[in-house]
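The values are calculated or read from the model by the stated rules, or taken from the named source; none is laboratory data. Note that the structure is predicted; figures quoted are calculated from it, not measured. Counting neighbours? That spans all protein chains shown, and the Cβs are built from the backbone with ideal geometry, glycine included. Only protein heavy atoms, including side chains, enter the accessible area calculation; ligands, DNA and RNA are left aside. Shrake-Rupley method; radii C 1.70, N 1.55, O 1.52, S 1.80 Å.
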Amino acid sequence: MDRIETAVTRMLGIRYPIVVAPMFLVSNRPLLEAVARAGAIGVIPTLNFRDIAGYRSFLRNWPADLAFGVNLILKDNPRLQDDLAATVEHRVPLVVTSLGDPTPVIETVHGYGGKVWCDVTGLRHAKKAARAGADALVAVAAGAGGHAGTVSPFVLAPWLREETGLPVLVAGGLSGGAHLLAALALGDGGYFGTRFIATRESGAADDYKRALVESEPQDVIYTPEVTGVPANFLASSLERFRNGGGKAWQDVWSAGHGVAAIRDIPPAGELVARLVKEYRAARARLP
(Lines give C-alpha, C1' and ligand atoms only; values in the text may rest on other atoms or scores of the structure.)
Protein backbone atom coordinates (compact mmCIF):
# COMPACT_ATOMS: atom_id res chain seq x y z
CA MET A 1 0.00 0.00 0.00
CA ASP A 2 1.36 3.41 -0.97
CA ARG A 3 2.13 5.84 1.84
CA ILE A 4 3.62 9.26 2.45
CA GLU A 5 5.18 8.77 5.85
CA THR A 6 5.79 11.58 8.34
CA ALA A 7 5.59 12.07 12.10
CA VAL A 8 1.88 12.79 11.63
CA THR A 9 1.07 9.57 9.77
CA ARG A 10 3.03 7.51 12.28
CA MET A 11 1.25 9.23 15.16
CA LEU A 12 -2.23 8.49 13.84
CA GLY A 13 -1.74 5.37 11.72
CA ILE A 14 -2.95 7.00 8.49
CA ARG A 15 -1.54 6.67 4.96
CA TYR A 16 -1.19 10.32 4.02
CA PRO A 17 -0.30 13.47 6.01
CA ILE A 18 -3.46 15.18 4.77
CA VAL A 19 -5.70 16.61 7.48
CA VAL A 20 -9.09 18.15 6.74
CA ALA A 21 -9.51 21.01 9.19
CA PRO A 22 -12.49 21.33 11.53
CA MET A 23 -14.92 23.76 9.93
CA PHE A 24 -17.88 25.15 11.85
CA LEU A 25 -21.22 24.12 10.31
CA VAL A 26 -19.37 22.53 7.35
CA SER A 27 -17.55 19.45 8.64
CA ASN A 28 -19.86 16.44 8.97
CA ARG A 29 -19.77 12.67 9.15
CA PRO A 30 -19.98 12.05 5.35
CA LEU A 31 -16.95 14.31 4.78
CA LEU A 32 -14.88 12.75 7.58
CA GLU A 33 -15.77 9.22 6.53
CA ALA A 34 -14.90 9.79 2.85
CA VAL A 35 -11.57 11.37 3.79
CA ALA A 36 -10.69 8.55 6.21
CA ARG A 37 -11.52 5.82 3.70
CA ALA A 38 -9.16 7.55 1.26
CA GLY A 39 -6.26 7.36 3.73
CA ALA A 40 -6.32 10.85 5.27
CA ILE A 41 -8.04 12.19 8.40
CA GLY A 42 -10.74 14.77 9.09
CA VAL A 43 -11.51 16.73 12.23
CA ILE A 44 -14.97 17.94 13.27
CA PRO A 45 -15.88 20.64 15.81
CA THR A 46 -17.92 19.19 18.65
CA LEU A 47 -20.10 22.31 18.39
CA ASN A 48 -21.25 21.18 14.93
CA PHE A 49 -23.63 18.93 16.85
CA ARG A 50 -26.69 20.72 18.18
CA ASP A 51 -26.28 19.26 21.66
CA ILE A 52 -24.24 16.78 23.65
CA ALA A 53 -26.69 14.00 22.77
CA GLY A 54 -25.99 14.53 19.08
CA TYR A 55 -22.25 14.46 19.69
CA ARG A 56 -22.52 11.25 21.71
CA SER A 57 -24.59 9.65 18.97
CA PHE A 58 -21.93 10.52 16.39
CA LEU A 59 -19.23 8.96 18.55
CA ARG A 60 -21.24 5.79 19.21
CA ASN A 61 -21.86 5.22 15.53
CA TRP A 62 -18.45 6.13 14.09
CA PRO A 63 -16.79 3.10 12.36
CA ALA A 64 -14.16 1.70 14.70
CA ASP A 65 -11.63 1.14 11.91
CA LEU A 66 -11.57 4.74 10.63
CA ALA A 67 -9.35 7.55 11.91
CA PHE A 68 -10.96 10.85 12.92
CA GLY A 69 -10.49 13.78 15.24
CA VAL A 70 -12.60 16.34 17.06
CA ASN A 71 -12.03 20.02 17.72
CA LEU A 72 -12.68 21.51 21.14
CA ILE A 73 -13.10 25.27 21.48
CA LEU A 74 -11.68 26.09 24.90
CA LYS A 75 -12.74 29.71 25.37
CA ASP A 76 -16.33 30.73 26.23
CA ASN A 77 -17.66 27.24 25.51
CA PRO A 78 -20.38 26.19 27.97
CA ARG A 79 -20.36 22.65 26.57
CA LEU A 80 -16.64 22.09 26.99
CA GLN A 81 -16.77 19.81 30.02
CA ASP A 82 -19.64 17.69 28.69
CA ASP A 83 -18.00 17.36 25.28
CA LEU A 84 -14.66 16.50 26.86
CA ALA A 85 -16.32 13.83 29.01
CA ALA A 86 -17.89 12.23 25.92
CA THR A 87 -14.54 12.45 24.12
CA VAL A 88 -12.86 10.58 26.95
CA GLU A 89 -15.63 8.01 27.22
CA HIS A 90 -15.29 7.10 23.54
CA ARG A 91 -11.48 7.46 23.52
CA VAL A 92 -11.35 9.79 20.51
CA PRO A 93 -7.89 9.27 18.96
CA LEU A 94 -7.21 12.93 18.10
CA VAL A 95 -8.31 16.16 19.76
CA VAL A 96 -7.45 19.57 18.28
CA THR A 97 -7.80 22.51 20.67
CA SER A 98 -8.48 26.13 19.75
CA LEU A 99 -8.66 29.47 21.57
CA GLY A 100 -7.57 28.84 25.13
CA ASP A 101 -5.29 27.05 27.58
CA PRO A 102 -5.03 23.40 26.44
CA THR A 103 -3.36 22.07 29.60
CA PRO A 104 -6.39 20.38 31.23
CA VAL A 105 -7.49 18.84 27.92
CA ILE A 106 -4.00 17.51 27.17
CA GLU A 107 -3.74 15.89 30.59
CA THR A 108 -7.20 14.33 30.27
CA VAL A 109 -6.80 13.03 26.71
CA HIS A 110 -3.32 11.69 27.37
CA GLY A 111 -4.88 9.75 30.25
CA TYR A 112 -6.49 7.32 27.79
CA GLY A 113 -3.69 7.47 25.19
CA GLY A 114 -5.19 10.01 22.81
CA LYS A 115 -3.24 12.69 20.94
CA VAL A 116 -3.72 16.45 21.26
CA TRP A 117 -2.79 19.08 18.69
CA CYS A 118 -3.07 22.80 19.37
CA ASP A 119 -3.98 25.59 16.95
CA VAL A 120 -1.45 28.42 17.22
CA THR A 121 -0.71 31.56 15.23
CA GLY A 122 2.59 32.53 16.84
CA LEU A 123 5.51 31.40 18.95
CA ARG A 124 4.23 32.50 22.38
CA HIS A 125 1.19 30.22 22.30
CA ALA A 126 3.21 27.48 20.59
CA LYS A 127 5.65 27.41 23.50
CA LYS A 128 2.78 27.28 26.00
CA ALA A 129 1.24 24.35 24.13
CA ALA A 130 4.60 22.57 24.02
CA ARG A 131 5.09 23.03 27.77
CA ALA A 132 1.60 21.68 28.35
CA GLY A 133 2.51 18.49 26.49
CA ALA A 134 0.93 18.96 23.06
CA ASP A 135 1.72 16.19 20.58
CA ALA A 136 1.80 18.55 17.58
CA LEU A 137 1.01 22.11 16.56
CA VAL A 138 -1.23 23.44 13.83
CA ALA A 139 0.50 26.53 12.42
CA VAL A 140 -2.49 28.63 11.39
CA ALA A 141 -0.78 31.06 9.06
CA ALA A 142 -1.74 33.96 6.83
CA GLY A 143 -4.22 32.97 4.15
CA ALA A 144 -6.05 30.32 6.17
CA GLY A 145 -9.83 30.38 6.30
CA GLY A 146 -11.58 31.34 9.49
CA HIS A 147 -9.51 32.60 12.42
CA ALA A 148 -6.15 32.91 10.69
CA GLY A 149 -2.85 34.32 11.75
CA THR A 150 -0.83 36.95 9.91
CA VAL A 151 2.57 35.25 9.53
CA SER A 152 3.44 33.57 6.24
CA PRO A 153 3.29 29.77 6.35
CA PHE A 154 6.82 29.75 4.86
CA VAL A 155 7.98 31.39 8.09
CA LEU A 156 5.55 30.21 10.74
CA ALA A 157 5.73 26.43 10.28
CA PRO A 158 9.51 25.89 10.27
CA TRP A 159 9.95 28.53 12.99
CA LEU A 160 7.55 26.76 15.36
CA ARG A 161 9.03 23.38 14.52
CA GLU A 162 12.57 24.54 15.26
CA GLU A 163 11.68 26.41 18.44
CA THR A 164 9.48 23.71 20.00
CA GLY A 165 10.76 20.46 18.51
CA LEU A 166 7.17 19.36 17.88
CA PRO A 167 5.63 18.10 14.62
CA VAL A 168 3.87 20.94 12.82
CA LEU A 169 0.86 20.92 10.51
CA VAL A 170 0.85 23.73 7.95
CA ALA A 171 -2.44 25.63 7.54
CA GLY A 172 -2.94 28.56 5.21
CA GLY A 173 -3.78 28.53 1.50
CA LEU A 174 -3.30 24.81 0.83
CA SER A 175 -5.40 23.50 -2.05
CA GLY A 176 -3.25 21.24 -4.24
CA GLY A 177 -0.63 18.54 -4.19
CA ALA A 178 2.21 20.99 -4.72
CA HIS A 179 1.04 22.73 -1.54
CA LEU A 180 1.27 19.40 0.27
CA LEU A 181 4.83 19.00 -0.99
CA ALA A 182 5.69 22.48 0.30
CA ALA A 183 4.03 21.69 3.63
CA LEU A 184 6.24 18.61 4.03
CA ALA A 185 9.32 20.69 3.25
CA LEU A 186 8.26 23.12 6.00
CA GLY A 187 6.66 20.77 8.49
CA ASP A 188 5.04 17.37 8.93
CA GLY A 189 1.63 17.58 7.28
CA GLY A 190 -0.86 19.65 5.32
CA TYR A 191 -3.95 21.10 6.98
CA PHE A 192 -6.57 21.65 4.29
CA GLY A 193 -9.74 23.61 4.98
CA THR A 194 -11.31 25.71 2.23
CA ARG A 195 -10.49 23.18 -0.51
CA PHE A 196 -12.64 20.56 1.25
CA ILE A 197 -15.59 22.89 1.70
CA ALA A 198 -15.97 22.61 -2.07
CA THR A 199 -16.58 18.85 -2.02
CA ARG A 200 -19.81 16.94 -2.51
CA GLU A 201 -19.94 15.62 1.04
CA SER A 202 -19.34 18.84 2.97
CA GLY A 203 -22.21 20.44 4.83
CA ALA A 204 -21.82 23.80 3.09
CA ALA A 205 -24.73 25.19 1.08
CA ASP A 206 -24.50 24.77 -2.68
CA ASP A 207 -24.29 28.55 -3.13
CA TYR A 208 -21.31 28.61 -0.78
CA LYS A 209 -19.52 25.88 -2.72
CA ARG A 210 -20.15 27.62 -6.03
CA ALA A 211 -18.89 30.90 -4.59
CA LEU A 212 -15.59 29.23 -3.70
CA VAL A 213 -15.18 27.97 -7.27
CA GLU A 214 -15.84 31.45 -8.61
CA SER A 215 -13.67 33.37 -6.12
CA GLU A 216 -10.09 34.64 -6.22
CA PRO A 217 -7.79 35.50 -3.29
CA GLN A 218 -8.65 39.19 -3.50
CA ASP A 219 -12.27 38.25 -2.74
CA VAL A 220 -11.19 37.08 0.75
CA ILE A 221 -11.39 39.78 3.46
CA TYR A 222 -9.57 39.56 6.81
CA THR A 223 -11.67 41.28 9.47
CA PRO A 224 -12.68 41.06 13.17
CA GLU A 225 -16.16 42.47 12.56
CA VAL A 226 -18.01 39.13 12.38
CA THR A 227 -16.79 37.40 15.56
CA GLY A 228 -14.59 39.97 17.31
CA VAL A 229 -11.47 37.98 16.32
CA PRO A 230 -9.82 38.59 12.91
CA ALA A 231 -10.88 35.95 10.40
CA ASN A 232 -11.07 35.47 6.63
CA PHE A 233 -14.41 35.61 4.84
CA LEU A 234 -15.71 35.87 1.28
CA ALA A 235 -16.40 39.51 0.48
CA SER A 236 -19.82 38.84 -1.09
CA SER A 237 -21.18 37.18 2.06
CA LEU A 238 -19.52 39.78 4.25
CA GLU A 239 -21.35 42.51 2.37
CA ARG A 240 -24.69 40.84 3.18
CA PHE A 241 -23.71 40.73 6.84
CA ARG A 242 -22.76 44.41 6.83
CA ASN A 243 -26.17 45.21 5.41
CA GLY A 244 -27.92 43.46 8.25
CA GLY A 245 -28.55 40.09 6.62
CA GLY A 246 -27.37 36.73 7.85
CA LYS A 247 -25.76 35.13 10.88
CA ALA A 248 -22.06 34.78 11.59
CA TRP A 249 -20.56 31.58 10.07
CA GLN A 250 -23.93 30.37 8.77
CA ASP A 251 -24.45 33.10 6.18
CA VAL A 252 -21.04 34.78 6.31
CA TRP A 253 -18.84 32.34 4.44
CA SER A 254 -15.34 31.60 5.68
CA ALA A 255 -12.64 31.07 3.06
CA GLY A 256 -8.88 31.20 2.68
CA HIS A 257 -6.53 32.25 -0.09
CA GLY A 258 -6.59 28.69 -1.40
CA VAL A 259 -9.72 29.62 -3.40
CA ALA A 260 -7.25 30.48 -6.17
CA ALA A 261 -6.90 26.76 -6.99
CA ILE A 262 -10.52 25.64 -6.50
CA ARG A 263 -12.18 24.97 -9.83
CA ASP A 264 -14.54 22.08 -9.13
CA ILE A 265 -16.58 20.30 -6.46
CA PRO A 266 -15.38 16.68 -6.42
CA PRO A 267 -16.11 13.84 -4.00
CA ALA A 268 -13.81 14.19 -0.98
CA GLY A 269 -12.20 10.78 -1.44
CA GLU A 270 -11.33 11.59 -5.05
CA LEU A 271 -9.85 14.88 -3.89
CA VAL A 272 -7.55 13.08 -1.45
CA ALA A 273 -6.36 10.80 -4.27
CA ARG A 274 -5.84 13.83 -6.51
CA LEU A 275 -3.75 15.60 -3.88
CA VAL A 276 -1.51 12.54 -3.53
CA LYS A 277 -1.12 12.26 -7.32
CA GLU A 278 -0.32 15.97 -7.64
CA TYR A 279 2.13 15.71 -4.75
CA ARG A 280 4.04 12.95 -6.48
CA ALA A 281 4.08 14.84 -9.79
CA ALA A 282 5.30 18.02 -8.07
CA ARG A 283 8.02 16.09 -6.28
CA ALA A 284 9.15 14.53 -9.56
CA ARG A 285 9.47 18.01 -11.11
CA LEU A 286 11.98 19.18 -8.52
CA PRO A 287 15.53 19.59 -9.86
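Under the condition of being closer than 18 Å to Met23 by Cα and free of Cβ contacts under 8 Å to residues at least 40 places away in the same chain, the residues counted in the stretch 57-75 number 7.
Taken as a whole, the stretch 262-270 holds at least one residue that is in contact (Cβ under 8 Å) with a residue 60 or more places away in the chain, under 18 Å from the mean Cα position of the chain (by Cα) and in a helix (DSSP H, G or I).
Taking the stretch 8-53 as the range and being open to solvent by 30 Å² or more (accessible area, probe 1.4 Å), in a helix (DSSP H, G or I) and out of contact with any Ser or Thr (no Cβ under 7 Å at 6 or more places or on another chain) as the test, the residues that pass are Arg10, Met11, Leu12, Arg29, Pro30, Glu33, Arg37, Leu47, Ile52, Ala53. When the stretch 168-177 is limited to residues that are outside any loop (DSSP other than H, G, I, E, B), of a type in the set (A, V, I, L, M, F, W, C) and touching a residue at least 40 places away in the same chain (Cβ under 8 Å), the one that is nearest to Ile106 (Cα to Cα) turns out to be Leu169. Do we have Ala273 as among the hydrophobic types (A, V, I, L, M, F, W, C) and within 21 Å of the chain's Cα centre (by Cα) here? For Ala273, the condition - among the hydrophobic types (A, V, I, L, M, F, W, C) and within 21 Å of the chain's Cα centre (by Cα) - is met. Taken over the stretch 230-253, residues that are in contact with a Leu (Cβ under 8 Å, 6 or more places away or on another chain) and either buried (at least 16 other Cβ atoms within 10 Å of the Cβ) or more than 24 Å from Glu33 (Cβ to Cβ) (or both) amount to 4. Scanning the stretch 68-81 for residues that are open to solvent by less than 60 Å² (accessible area, probe 1.4 Å) and part of a helix (DSSP H, G or I) turns up just one, Leu80. For the stretch 109-124, a residue qualifies if it is out of contact with any strand residue (DSSP E or B) (no Cβ under 9 Å at 6 or more places or on another chain) and of a type in the set (Phe, Trp, Tyr), and exactly one does: Tyr112. If the condition is being of a type in the set (Gly, Ala, Ser), at pLDDT 95 or above, under 21 Å from Ser98 (Cβ atoms) and out of contact with any helix residue (DSSP H, G or I) (no Cβ under 6 Å at 6 or more places or on another chain), then the stretch 190-232 contributes Gly193, Gly203.
For the stretch 87-107: of the residues being surrounded by fewer than 21 Cβ atoms within 10 Å (Cβ to Cβ) and of a type in the set (A, V, I, L, M), which is farthest from Cys118 (Cα to Cα)? The residue in question is Val88.
Only one entry in Ser202, Ser237 is out of contact with any strand residue (DSSP E or B) (no Cβ under 7 Å at 6 or more places or on another chain), over 14 Å from Gly258 (Cα atoms) and free of Cβ contacts under 8 Å to residues at least 40 places away in the same chain, namely Ser237.
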